[in-house]
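Undergrad: For reference, the structure I am asking about is given below.
The values are calculated or read from the model by the stated rules, or taken from the named source; none is laboratory data. Everything numeric in this text was worked out from a predicted model, so none of it was measured. Here the Cβ is made from the backbone with ideal geometry for all residues, glycine too, and neighbour counts use every protein chain on show.
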Amino acid sequence: MSTFHEKYQGNFIHIADFKEFFKRRRKLIIFMGVLSAVFTFALLLTTNPKYILKGSFKEALQKGDPLSSSLAKSLFKGSSQIDLGAQAQSVMLSRESLNEIVRQLGLQGEMKPASIKKNLTNRWKKNLNLLSKKQINAVPVLSFVKVVYFGSITKVLHLEALVDDKVRITASNGKVLGVQPIGEMFVYEDFVFSLSSHKATIAPGCSFSLVFHPIENAVDTLLKRLSIKVRRDDASILDIVYKDVNPHRGTRVLNTLMYNYKQYLVKENDRIAKAQLQYLNARQDYLSDKIEDTLKEHVKYLQENLGERGFIGLHQELEMVENKKRRHHERLLDIDLSLGKLKRLRSEKLLCLNEPILGRDVALFQNTLFGLKKQKDTIDLRNLLRIASIKKSKKPKHGYSFLKTKREIPCFLYYKDKYDQLDEKIDQMERRDLLPAFAMMKKGLSDLYHAKDLREVRDPFHFGFEKKQRDINNIRRFKEQIQGMLKENDVHNVGFHKACFSDGIDGRVLPEIQNAPLMNDSLVRINHLLELKEAILMKSLFAEEEVSREFSTIDLETAKKLFIDYTKELDEIILKEKHLSYSCCSLSKENFEMSSLTNILEDPISAEILNRAAKHSLELKNEKHFSEKDKIRLVAKLSRERKALSAHLKEMVHLAGMQKDLIEEKLKALQVVMGDLINQEIAIIEDQIDSAIDEKLQTLHMEKAQVSAKLKDLQGGMKDLPSKWLLENRLQLKADLNVSMMESLTHLVESKNVEHHLLQIESKPIDHAYIPLKPKQPPIMLLSAIGGIFGCLLTMGALAFKKTAANELPVSLEALAFRDFKVAGKFSKSFEKSDFASLSEKDLQILRKLSNFALTNDTQIVGASLGSSPSYLSALASLLALGKRKTLLIELYHTNKASRAGLLHYLLGKKKELPIQRKGDFHLLPLGESTKYTMELLTRKKFEELLSLLKEQYEVILIGLNKGACSAESHKLLQLCEKMLITLDEESLDDLYPYFEWEGKTGESSCMYLSFE
C-alpha cells in the first residue's frame, strides 16, 4: 500500500476532475454559450450583405514567331513566355489603374442614412429577409455621379432633402455649406460632387450622411474587394470578382476595369510595336555598317602585318619561323654538352688546364692550387722527418722499425689525400675500394703514435683528431638543419639558437654566422661558410698537433717570414750554446787561462768575473811583493772566481737550452700554422674553383632558359598564324550571315505589324458584369453556433483557470481512486426518493462497500461528513442491522421529522435519560432541534463520556454530520471516530489534506469517499 506522502505529493490534475467540475456547472456553461450565440447572431445581422459580381476577360496570347532563323527567335521569343496572368493582375491591381477608376466612378464618396439606428435597422431587415429567402431592394435613393476630393482625412457632411428636388449640405459642425438641386455640380473648397436620384421624387426631410474618403483609402478599399485569378483550363482568360453592397456601382466598377485594361493593352501593344519596328530598322542599318567595318578591318590587318613582320603570305612566315627554331635547337644541344662537362669536372674534382670552357681565371686558380699542395707536401715531409728523428734518437721497444714506418707514411698520406677528394654521393664505389687500405695505414700510424717513447707526440695528435672529428660532425648536422629550412622556405621556425653554430675549436661563434640575419640569403651564406669550414677541417684532420693560439691570427706570408726569423735565431742560440759548453769544459782544466774567454763571454757578469780573475792571476805572477799567505789567499780567490764563473756558465748553458727549446716549439707551431693556413688556402681556392664552375653552370642554365623562352615565343607566335586564315575566310562568312539576317529581319518587320493588330482585336471582355439576384450573405446560423460553442469553451476555460490558479479545483472520485484512496462510488439521482426496499443495484453495491469498510478491524465508531448531499446513513444502518450488527445512528443534524427530544436536550441537561428511538432494525439518536453550535456540542466532555458508554452497548455507532469535509465540525468529528465516510461536494485536494494526514498517522486506509450524481 502506498504511503501518505506518496499519495499526496503527486500534485497533478486528473481529467475526471475537469469532467466533474464542468458537469456541476453545466447550466452556467450552457447559459453562456446561448448568450454568445445570440450575441454573435445579433452582431452578424448588423453586417451589410455584399453582392458578388463576376466578369471574365480574354487576353490574346502571342503566337510563335514565323521566322526560321534561330537568331531572330532568340531575340523576340522571350516576350511570349511571360506569365500573362501575373502581368494582368499587376496592371489591373496597380494603383494608377485603380486611381483612374475611382475618379471616373466617384468612389471617393459614400452615402449612408444619417441615423445609426436607421442604418442598423436597414441591415437587420436585409439580413432577415435573406434568411427568410425574400427579395430585397438594392437600388439606393441617391448616388454619386462624380466625386473629387482633395483632402487627406475622411470628411463627413450632412445632406437633407428639401422640396423641389433640392438638397441642403451641412458640415459636421452644423454650418450650412449650400443648397443645390439634385443633378447639378456642388463645388466647395476641397471637394466637388454631383448626385443623381433613382426615384421620381424624394420625400422632404430625408437625411443622409455623406462620407468623403481620401483617394488612397478609396483605392485600398477597392483592392480589398477586388480579386483576379487566371483560369486553370485556359491561361488566356482572367476571372475577375468584385464585392460591393451596391450592385449597380460594383457592375460599373468591374466593367470599367475591363474596359480600361483593354485600352491599356491597345496602348501598350502600339508602344511595343513602335519600339520593335525602330529596333528592327536600326538593326538593318547596323548589319549594313557591319559588313563595311569587316572589310575595313581586314585591310587594316594586312597593312599592320606588312609594316611589322615584312611579309604577307602564310608560307613565307612559316619558313622563317622554322629556320629560327632549328638554330635555337642547335644552341640548346651545345649548352647541354657544356653542362655535362662542367658537372663532371665539378663532381670528380678533375683539373683540365686546357679546357676552353673553364676560362683563364679557373686555370690561374688551379696553378696556385698546385703550388700550395707542393708547399703542403714539403711541410708534411718535414714533420715526418722530425718524427723520424725523434724515433731515431730514442730506442723503441715495440715491433715496428723506423724504416718500415717511414715507408708506410707516404703511402698513408697518399690514401688520406685521395680519401679527402672523394664525394660520397658520386663516387661511392671508389670509396668502398679505398677504405680498407686507408684503415690499414691508419692502424699502422696509430701503433706508431701509441708507443711509450713517443707519448709527447701521440697525445696532441690523438686529442686533436678527435676534437676535429667532433667539429666536422657538428658542422654537418648544422648544414642539414639549414638545408631543411631552405627546402621548407620558412625562416621563422628556426629550431636552434645561434650558439649552435659554434666552430667547435675554441668555443667561439663564427662572426659571419653570429651577426647574420636569419633570412633566406643569410641562410645560403651560412651554409656556404659551413661547407668551407668543413673542407678546412677535413684538410687539417690528420695534422699531428692543434694550431697554437699565439699564431692563430696570422696569414701565410707572415708565418713564412716568422719561420725564417725563428730559424736564424735558433742557429744563433745553438752557436751560443756551443761556445758556452766549450767555456764550461775549459774551466774544468787547471791550467786554463780564464782571460782567454773574454772574446767569447760578452755578458757583464762574465766580463766582471773574468776581470777579477785576470787581476788575481797577475798578482800571483808578481811573487816578489806577496808572501806565502798572500799567495794562498789569492789562489783561493782565483779558485772562487773560477767556480763562480763555472756556475754562471752552467746556468747560461741551461738558459740557452731553454731558449733553443722555446724556439723549436715556435718553429713547430709555425709549421702547424703554415700547414693549417695552406689547408685553408687550398680549401678557399677549391671553393673559388667550384664557385667559378657554378657561375659558369648558372650562366649556361640562364642561357638555356633564354633559348628555351625564345623557342616558346616562336611557338606562341605560331599560334597566331591560324588567325590569319580565320581573317581571310571571315569576310565571306560575315557577308553570307548578314544577307540572311537582313532577309529574316525584313520578314519579321511585316509579321510584327500584322501580329500586333491581331492582338488588339482578340483581347476583349468575354463576360461583362451583371447584377445578381441576391447578395452573398455570410452563414449567420453557422457562425452563431460557432459563437455559442466558443462562448461555452471560453466559459469553461475561465472557470477552470480560476479554480486551478487558486488551487481550488474540486477533486473527483476517479482522481482519488487513481491516487490509491478508498472510493465507494456515486449514488444515483433516484437514491433520495427511494426507500431501503426499492434501492437500485448500483446504490446497494455502494452501501455494501460502505458496510464492509465500517466493519473492518472491529471498528465501532464511524463518522460521516454528508455536506449538502442527501443522507444515506439510515439505509447504511439498516444494511448493518440486517447483518446482525447492533447499530446506533447518531444524527448531529436536524431533520424535518418531528421529534420531542434528542441528543441536544440530553447534553444541555434538559433530559436526564438518553432519548434513543428504535427505527426498524437499528436504533436512532436524533439531535432534537436545529442548532448552529454543533461544534461546541462535539467538544463537550459529556459527549465523549456518552460515546464511551454507547461503545459498550453497540457494535457499530454511526455519527452523521451535515457539514462539508472542510468544516471545523468534520475535523473535530475526525478526532472522535475510528473511520470516516466523506461525501464529496466541492472539496479540493487541499481541503482533504487533514484526512490524508490522519490516514498517514494511523497507517491504514481510514477514510472512504463517495458522492452523488
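Undergrad: Is there a residue being out of contact with any strand residue (DSSP E or B) (no Cβ under 7 Å at 6 or more places or on another chain) and surrounded by 12 or more Cβ atoms within 10 Å (Cβ to Cβ) anywhere in segment 188-208?
TA: no
Undergrad: Which is under 28 Å from Q104 (Cβ atoms) and without any contact (Cβ under 8 Å) to a residue 24 or more places away in the chain, of K155, K166, K146? First the steps, then the outcome.
TA: Working: K155 fails: without any contact (Cβ under 8 Å) to a residue 24 or more places away in the chain; K146 fails: without any contact (Cβ under 8 Å) to a residue 24 or more places away in the chain.
So the residue among K155, K166, K146 that is under 28 Å from Q104 (Cβ atoms) and without any contact (Cβ under 8 Å) to a residue 24 or more places away in the chain is K166.
Undergrad: Cβ contacts < 7 Å: first residue in the same structural domain as L580 (by TED's automatic domain parsing), restricted to segment 649-663; second residue among the aromatic types (F, W, Y), any location; separation 6+ or different chain. Result?
TA: I663/Y566
Undergrad: A follow-up question, please. When segment 158-188 is examined, which residues are found to be of a type in the set (F, W, Y) and in a strand (DSSP E or B)?
TA: From segment 158-188, those of a type in the set (F, W, Y) are 186, 188; that's our starting set.
Correct list: F186 only.
Undergrad: Residues being touching a residue at least 12 places away in the same chain (Cβ under 8 Å), under 13 Å from M796 (Cβ atoms) and not small (G, A, S): count how many of those fall in segment 21-47.
TA: Total satisfying the criteria: 8.
Undergrad: Would a scan of segment 819-828 turn up a residue that is within 60 Å of the chain's Cα centre (by Cα) and surrounded by fewer than 20 Cβ atoms within 10 Å (Cβ to Cβ)? Steps first, answer last, please.
TA: Keep residues of segment 819-828 that are within 60 Å of the chain's Cα centre (by Cα), which gives 819-821.
Subsequent filtering for residues that are surrounded by fewer than 20 Cβ atoms within 10 Å (Cβ to Cβ) retains 819-820.
Looking for residues that are within 60 Å of the chain's Cα centre (by Cα) and surrounded by fewer than 20 Cβ atoms within 10 Å (Cβ to Cβ), one finds at least one in segment 819-828, hence yes.
Undergrad: Of S988, S970, S1006, which residue is among the polar types (S, T, N, Q), in contact with a strand residue (DSSP E or B) (Cβ under 7 Å, 6 or more places away or on another chain) and without any contact (Cβ under 8 Å) to a residue 40 or more places away in the chain? So that I can check it myself, show each step before the final result.
TA: Details: S988 fails: without any contact (Cβ under 8 Å) to a residue 40 or more places away in the chain; S970 fails: without any contact (Cβ under 8 Å) to a residue 40 or more places away in the chain.
The conditions single out S1006.
Undergrad: Go through segment 970-1013 residue by residue and tally those that are within 30 Å of K942 (Cβ to Cβ) and among the polar types (S, T, N, Q).
TA: Adding up the residues that qualify gives 5.
Undergrad: Right, something else. Of all residues in segment 968-982, which are touching a Lys or Arg at 6+ places or on another chain (Cβ under 7 Å) and over 20 Å from L876 (Cα atoms)? Before you say what the answer is, go through the steps one by one.
TA: Of segment 968-982, the ones touching a Lys or Arg at 6+ places or on another chain (Cβ under 7 Å) are 969-970.
E969 - this is the single residue of segment 968-982 that is touching a Lys or Arg at 6+ places or on another chain (Cβ under 7 Å) and over 20 Å from L876 (Cα atoms).
Undergrad: Within segment 105-130, which residues are out of contact with any Ser or Thr (no Cβ under 6 Å at 6 or more places or on another chain), in a helix (DSSP H, G or I) and more than 17 Å from Y51 (Cβ to Cβ)? Talk me through it step by step, then tell me what you get.
TA: First, pick out the residues of segment 105-130 that are out of contact with any Ser or Thr (no Cβ under 6 Å at 6 or more places or on another chain): 105-111, 113, 115-119, 121-122, 124-130.
After this cut, where a residue has to be in a helix (DSSP H, G or I) as well, the list is 105, 116-119, 121-122, 124-130.
Matches in segment 105-130: I116, K117, K118, N119, T121, W124, L128.
Undergrad: Somewhere in segment 117-128, is a residue modelled with pLDDT under 80, of a type outside the set (S, T, Y) and touching a strand residue (DSSP E or B) at 6+ places or on another chain (Cβ under 6 Å)?
TA: Yes.
Undergrad: Is it the case, given these coordinates, that D991 is surrounded by 18 or more Cβ atoms within 10 Å (Cβ to Cβ), within 60 Å of the chain's Cα centre (by Cα), outside any helix (DSSP H, G or I) and not β-branched (V, I, T)?
TA: On the way: surrounded by 18 or more Cβ atoms within 10 Å (Cβ to Cβ): yes; within 60 Å of the chain's Cα centre (by Cα): yes; outside any helix (DSSP H, G or I): yes; not β-branched (V, I, T): yes.
In short, yes.
Undergrad: Now for a different question. Taking the stated definitions as given, is A881 in contact with a helix residue (DSSP H, G or I) (Cβ under 7 Å, 6 or more places away or on another chain) and either of a type in the set (G, A, S) or more than 25 Å from D985 (Cβ to Cβ) (or both)? Write out each step before concluding.
TA: Working: in contact with a helix residue (DSSP H, G or I) (Cβ under 7 Å, 6 or more places away or on another chain): no; either of a type in the set (G, A, S) or more than 25 Å from D985 (Cβ to Cβ) (or both): yes.
Against the criterion (in contact with a helix residue (DSSP H, G or I) (Cβ under 7 Å, 6 or more places away or on another chain) and either of a type in the set (G, A, S) or more than 25 Å from D985 (Cβ to Cβ) (or both)), A881 does not qualify.
Undergrad: How many residues, within segment 902-943, are in contact (Cβ under 8 Å) with a residue 24 or more places away in the chain and at positive phi?
TA: Total satisfying the criteria: 2.
Undergrad: Of the conditions (1) assigned to a helix (DSSP H, G or I); (2) more than 30 Å from L318 (Cα to Cα); (3) at pLDDT 75 or above; (4) not assigned by TED's automatic domain parsing to the domain that holds L43, F790 clears all except one; give me its number.
TA: Checking F790 against (1) assigned to a helix (DSSP H, G or I); (2) more than 30 Å from L318 (Cα to Cα); (3) at pLDDT 75 or above; (4) not assigned by TED's automatic domain parsing to the domain that holds L43, the one that fails is (4).
Undergrad: Just to verify a result, which residue in segment 166-180, among those that are farther than 17 Å from V192 by Cβ and in contact with a strand residue (DSSP E or B) (Cβ under 6 Å, 6 or more places away or on another chain), is surrounded by the most Cβ atoms within 10 Å (Cβ to Cβ)? Let's see the steps before the verdict.
TA: Residues of segment 166-180 farther than 17 Å from V192 by Cβ: 166, 168, 170, 172-176.
Still in the running and in contact with a strand residue (DSSP E or B) (Cβ under 6 Å, 6 or more places away or on another chain): 166, 168, 170, 172, 176.
On the way: K166: 15, R168: 15, T170: 17, S172: 10, V176: 11.
Here the residue is T170.
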